[in-house]
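The values are calculated or read from the model by the stated rules, or taken from the named source; none is laboratory data. On a predicted model such as this, the values are computed, not experimentally measured, just so you know. Glycine also receives a Cβ, built like all others from the backbone with ideal geometry; neighbour counts cover every protein chain displayed. Only protein heavy atoms, including side chains, enter the accessible area calculation; ligands, DNA and RNA are left aside. Shrake-Rupley method; radii C 1.70, N 1.55, O 1.52, S 1.80 Å.
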Amino acid sequence: MPADLVIGAQWGDEGKAKIIDYLSKEIDLIVRYQGGANAGHTVVVQGKKYVFHLVPSGVIYPNTVCVIGNGVVLDTNYLIKECDELNKEGFDVYNKLLISDACHIILPFHGIIDSHREKNSGEGKKIGTTGKGIGICYADKMMRIGLRTGDLLDEETLKQKLEYFLKLKNEELIKLYNCEPVKLDAIYDNLIQFREKFKGKIVNTAYFLNKELNNGKRILLEGAQGVGLDIDFGTYPFVTSSNPTTGGALTGSGISHNYLQKIYGISKAYTTRVGEGPFPTEVYEAEAERIRELGHEYGSTTGRPRRCGWFDTEMIKHSVRICGINSLVITKIDVLSTYKSIKVGIGYELNGKKLDYMPSYGLERVKVIYEELPGWESDITGISDFNKLPEKCKSYIHFLNKQIGIPISIVSTGPDRNDTIFLD
Ligand code: IMP
């Protein structure tokens, strides 16, 4: 059976969780493959809001098994906190969750180093990280010194690895950041507690997932963040430290590319971004405030106000190209209901020349070519039938479709599960 994939086509916060929630109905296993608790996935069911950070949002369905893949960096304390909260809400998370034995573990000093680095970086160098230690943990993974979930399964190995790891990190904490060293015993005890909570659930998920696919099960891969934040194909260095793109879905889960079928790219009907970095179609002051208030554009992980701007077709075409997106989803189109006219970025110019792609550098200097479309000026919240949309709204959707050149399969008109139009 196939594996489908949901990817953010912008800078994260595109409303992926709602789409994942919808698709999860017919899915057996849901897999997170990169990032960590920096993500915030919000799902609204019958007016009740759930925010997920590490646990795949498909956990809401009784039929699904949720998997944290090897590409995720795992904050063990955060995971326990999130699972306990979901448990209180009546979701049987501890029995539905499997964790890869190859996940790198975020330890308390990762967040400390992350915050210190941000604080100490000079003007124009701040990334605006979530401060959760994501980049620092991935850096240790690449340095081949990190601690993995599989290391928890043998106490002697755990002690040895932790000793070596802490020796290196304490040197860094003291010499570079003037911080107190961390103590092995407290971290060790904490990790053993985590292991006991997830007894039998830390497994070789790559083997398990491919076997399940071979046995006819359906899998949904759940991306966090978005293509614009990809370490290779995003707006480096203003990115996260993982690959939210299709390549990252494969290496972060171990699923063979042969199983991939539908690749959904999720985009808002406009654009937002949290943190620093170039944003060609950004608007400012009252114009930004208007979108921010209408769309409630505040980060679900950090609460920071999101930067806002118009839809950027060149960016979406970049995401389609890099990820092989074959189905586009437009979310939050209802937010544009009051606009008399709506701008869409349809191309970039750099140094007076029209570009045919989103550049890897110089993005802060591109001039955006805009097309202005008439707004529909009526509330479309909750409409679930394409034919009931105002003509001008249909034209806006057709326009985006024509610009990008791949089918739009879903349009979301509100936060609830039912506020959804299916075009397939
Ligand atoms: P980090 O992932 O915490 O290292 O932050 C790096 C950049 O990615 C910052 O600009 C963050 O604001 C951004 N970022 C990380 N996670 C998310 C997310 O889930 N949604 C939107 N932006 C994110």
Quick check: anything in region 144-151 within 30 Å of the chain's Cα centre (by Cα), of a type in the set (Ser, Thr, Tyr) and buried (at least 18 other Cβ atoms within 10 Å of the Cβ)? yes
Looking at region 338-360, is at least one residue open to solvent by 10 Å² or more (accessible area, probe 1.4 Å), within 16 Å of the ligand (Cβ to nearest atom) and either at pLDDT 95 or above or within 21 Å of the chain's Cα centre (by Cα) (or both)? no
Can you tell me which condition residue 184 does not meet? The list is (1) surrounded by fewer than 22 Cβ atoms within 10 Å (Cβ to Cβ); (2) within 16 Å of the ligand (Cβ to nearest atom), and all the others hold. (2)
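For (1) open to solvent by 20 Å² or more (accessible area, probe 1.4 Å); (2) away from the ligand (no atom under 13 Å from the Cβ); (3) more than 20 Å from residue 4 (Cβ to Cβ), each residue gets a yes or a no:
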{"site": "246", "(1), (2), (3)": "no, yes, no"}
{"site": "266", "(1), (2), (3)": "no, no, no"}
{"site": "279", "(1), (2), (3)": "no, no, yes"}
{"site": "284", "(1), (2), (3)": "yes, yes, yes"}
Residues satisfying the stated conditions in region 223-237, i.e. open to solvent by less than 40 Å² (accessible area, probe 1.4 Å) and touching an Asp or Glu at 6+ places or on another chain (Cβ under 9 Å): 225, 226, 235
Quick check on region 289-301. Is at least one of its residues under 18 Å from the mean Cα position of the chain (by Cα), at pLDDT 95 or above and closer than 30 Å to residue 70 by Cβ? no
Give the residue that is most open to solvent (accessible area, probe 1.4 Å), with candidates limited to residues of region 377-424 that are of a type in the set (Phe, Trp, Tyr) and in contact (Cβ under 8 Å) with a residue 40 or more places away in the chain. 399
Would you call residue 363 under 29 Å from residue 249 (Cβ atoms), surrounded by fewer than 17 Cβ atoms within 10 Å (Cβ to Cβ) and among the aliphatic types (A, V, I, L, M)? no
Scanning region 248-257 for residues that are away from the ligand (no atom under 15 Å from the Cβ) and either surrounded by fewer than 18 Cβ atoms within 10 Å (Cβ to Cβ) or within 13 Å of the chain's Cα centre (by Cα) (or both) gives 249, 251, 256, 257
For the list (1) open to solvent by 30 Å² or more (accessible area, probe 1.4 Å); (2) away from the ligand (no atom under 16 Å from the Cβ); (3) within 14 Å of residue 307 (Cβ to Cβ), I need the number of the one condition that residue 274 fails. (2)
Among the residues of region 298-315, is there at least one that is part of a helix (DSSP H, G or I), buried (at least 19 other Cβ atoms within 10 Å of the Cβ) and within 16 Å of the ligand (Cβ to nearest atom)? yes
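Determine, yes or no, whether residue 158 is more than 14 Å from the ligand (Cβ to nearest atom) and in contact (Cβ under 8 Å) with a residue 40 or more places away in the chain.
No.
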Picking from 125, 132, which residue would you name as being crowded, with 19+ Cβ neighbours inside 10 Å, on the phi < 0 side of the Ramachandran plot, in a loop (DSSP other than H, G, I, E, B) and of a type outside the set (Asp, Glu)? 132
Just a yes or no: is a residue in region 197-204 within 16 Å of the ligand (Cβ to nearest atom) and either over 15 Å from the mean Cα position of the chain (by Cα) or open to solvent by 40 Å² or more (accessible area, probe 1.4 Å) (or both)? no
One residue is enough: does region 323-337 have a residue meeting the conditions surrounded by fewer than 21 Cβ atoms within 10 Å (Cβ to Cβ), outside the structural domain of residue 132 (by TED's automatic domain parsing), more than 16 Å from the ligand (Cβ to nearest atom) and assigned to a helix (DSSP H, G or I)? no
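Would you check if residue 98 is within 16 Å of the ligand (Cβ to nearest atom) and either open to solvent by 60 Å² or more (accessible area, probe 1.4 Å) or within 27 Å of residue 256 (Cα to Cα) (or both)?
no
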Residue that is surrounded by the most Cβ atoms within 10 Å (Cβ to Cβ) [pool: residues in region 25-48 that are of a type in the set (S, T, N, Q) and closer than 26 Å to residue 203 by Cβ]: 34
Just to be sure I understand the filter: pairs with C-beta atoms under 8 Å, separated by 6 or more residues or on different chains, first member in region 5-24 and open to solvent by 10 Å² or more (accessible area, probe 1.4 Å), second member part of a helix (DSSP H, G or I). Which pairs pass? none
